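Taking it in order: structure first as structure tokens, then the write-up.
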Amino acid sequence: MLTASPVLAWDEAGETRTASWQSERGTPPPKNVIATDDRITANDAYGLACQGVGMLWRSDFQNARQLLTALASRVDRKAAQGRSQGASGAITADTFNRVRQARSQRARTLGMLLIELDADYGIALRRAPDVKAACLHAYGPATGPMVLSLRELLGVIGAHQWYVRGIGIPAAGGHIHPHYGVFTPTRGEYIDLLARAPWPAGPERVGLAFDIGTGTGVLAAVLARRGALRVVATDTDPRAIACAADNIHRLGLSKQIQVMQTAFFPEGRADLVVCNPPWVPARPGSPLERGIYDENGSMLQGFLNGLAEHLTPEGEGWLILSDLAERLGLRSRETLLAQFEAAGLSVAGRHDIRPQHPRSFDAGDPLHAARRAEMTSLWRLRAALSSSDKVG
């Protein structure tokens, strides 16, 4: 939902105009904004964008999209030249940080091409799409004219298409409809792991399950379809709570699954506690990245610290975690195992699967070697087990 936004001011046609500034990334409005149109060349636009000059588009909408593509081509070409000059072959935490910095700069540069929306989310440009439904879904009711980057607007449109179309998840018994700002379950390997792992103590033992950090609610739905009699799905993000509740209702699972806004665990003990935290211990660059980055590993640590006291005597905690952070030098396997031990947990088993998402096959990705070797695991954790029960 929209909250109080900064105000963007610019001079156009001899007068000073203003509109609210919208940036999901939290990027401040450009200090210098000019109105521009089809007469600007891609090279000139690239030069202005690199200087941090916002270009408020006043011509054909589809031509603005073409200009954005041209800007992206120039940014990526320059980035590729830099990688070829400084490539060492080894992927380290420094490599990861440089890649993130480059991507952040890329986003800032491409974010300089701007679009104005009126008080009803209309766009007064030729060949402009109707974006009202998408913007209402992402931001809620408009409070007046607003300006945002074309790049963000295209993201809003794409997210709304995902929401309307949904993502078929057979293990959940239907389609999951992700809301804007909620992590989209497009990588299916972690869902496959959850769907196949053996129940803690037989298929009829799971009377109560917790899904910590539920997001879209997809894992809660899979647990319910597998036979968990009752599932409590928690999250702290209001967008995620609304999204999960919507999906649970669509799937006809409202009687089995309760969605609760709370940090980590609800009260009581469960036979099964599931958590799929963000896999990379780094600071999110925006709210949209919170499903990927876990600053200081705080969600992982919070889940582990509270798990033992929320399990029944024979219960298990299922931690779904990629080893990408290990391959990027951001966390070691020894550190992860030490975290388990410090939280009073033992490993009862581990199930692994290799990702098959497109980025793992993209040789042009500077992190390709790490992504190609990545393994996603479901760690089966128990409380107060002897060291002889542990699995490395």
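The values are calculated or read from the model by the stated rules, or taken from the named source; none is laboratory data. Note that the coordinates shown come from a computational prediction; the quantities given were computed from them, not determined experimentally. Here the Cβ positions follow ideal geometry from the backbone for every residue, glycine too, while neighbour counts run over all protein chains shown.
The figures follow:
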quantity: Tabulated pairs, the stretch 170-181, first in the same structural domain as D237 (by TED's automatic domain parsing), second aromatic (F, W, Y) and in a helix (DSSP H, G or I), C-beta under 8 angstrom, 6+ apart or interchain; calculated: H177/W162; H177/Y163; P178/W162; P178/Y163; H179/Y163; Y180/Y163
quantity: Strands (runs of 3 or more DSSP E) enclosed by the stretch 120-198 - at least 2 residues per element that are in contact with a strand residue (DSSP E or B) (Cβ under 7 Å, 6 or more places away or on another chain) and not β-branched (V, I, T); calculated: 146-149
quantity: Extreme residue, farthest from Y139 (Cα to Cα), among residues of the stretch 242-257 that are part of a loop (DSSP other than H, G, I, E, B) and in contact with a helix residue (DSSP H, G or I) (Cβ under 8 Å, 6 or more places away or on another chain); calculated: Q256
quantity: Single residue of the stretch 27-65 satisfying the filter (polar (S, T, N, Q) and out of contact with any strand residue (DSSP E or B) (no Cβ under 7 Å at 6 or more places or on another chain)) that is nearest to P129 (Cα to Cα); calculated: Q62
quantity: Residue within the stretch 283-300 that is hydrophobic (A, V, I, L, M, F, W, C), at pLDDT 95 or above, in contact with a helix residue (DSSP H, G or I) (Cβ under 6 Å, 6 or more places away or on another chain) and buried (at least 21 other Cβ atoms within 10 Å of the Cβ) present; calculated: no
quantity: Matching residues, the stretch 1-31, being out of contact with any Ser or Thr (no Cβ under 9 Å at 6 or more places or on another chain) and either exposed (fewer than 11 other Cβ atoms within 10 Å of the Cβ) or outside the structural domain of K78 (by TED's automatic domain parsing) (or both); calculated: M1, T3, A13, G14, E15, T16, P28, K31
quantity: Leading residue by the ranking (surrounded by the fewest Cβ atoms within 10 Å (Cβ to Cβ)) among those in the stretch 130-163 that are β-branched (V, I, T) and out of contact with any helix residue (DSSP H, G or I) (no Cβ under 8 Å at 6 or more places or on another chain); calculated: T143
quantity: Candidates V222, V273, V232, V280 - the one that is closer than 26 Å to Y293 by Cβ, in the same structural domain as D294 (by TED's automatic domain parsing) and without any contact (Cβ under 8 Å) to a residue 40 or more places away in the chain; calculated: V232
quantity: Residue check for E295: without any contact (Cβ under 8 Å) to a residue 12 or more places away in the chain and among the acidic types (D, E); calculated: no
quantity: Unique match (being touching a Cys at 6+ places or on another chain (Cβ under 7 Å) and not polar (S, T, N, Q)) among I241, I212; calculated: I212
quantity: Filter result for N296 (within 15 Å of the chain's Cα centre (by Cα) and not assigned by TED's automatic domain parsing to the domain that holds R25); calculated: no
quantity: Close pairs (8 angstrom Cβ cut-off, 6 or more residues apart or separate chains): of a type in the set (S, T, Y) in the stretch 20-40, buried (at least 19 other Cβ atoms within 10 Å of the Cβ) and assigned to a loop (DSSP other than H, G, I, E, B) anywhere; calculated: S23/P29; S23/G111; T27/G111
quantity: Which listed residue is within 28 Å of I257 (Cβ to Cβ) and free of Cβ contacts under 8 Å to residues at least 12 places away in the same chain, from E334, E326, E289, E316; calculated: E289
quantity: Matching residues in the stretch 49-67 - criterion: being under 31 Å from the mean Cα position of the chain (by Cα) and surrounded by fewer than 20 Cβ atoms within 10 Å (Cβ to Cβ); calculated: C50, Q51, G52, V53, F61, Q62, N63, R65, Q66
quantity: Criterion (modelled with pLDDT under 90, within 21 Å of P281 (Cβ to Cβ) and aliphatic (A, V, I, L, M)) met by exactly one of L328, L367, L378; calculated: L367
quantity: Every pair of residues 6+ apart whose Cβ atoms lie under 7 Å, when the first sits in the stretch 135-163 and is on the phi > 0 side of the Ramachandran plot while the second is surrounded by fewer than 17 Cβ atoms within 10 Å (Cβ to Cβ) and not charged (D, E, K, R); calculated: G140/M1; G140/L2; G144/A119
quantity: Qualifying residue in the stretch 70-93 (condition: polar (S, T, N, Q), over 30 Å from A363 (Cβ atoms) and in a loop (DSSP other than H, G, I, E, B)); calculated: no
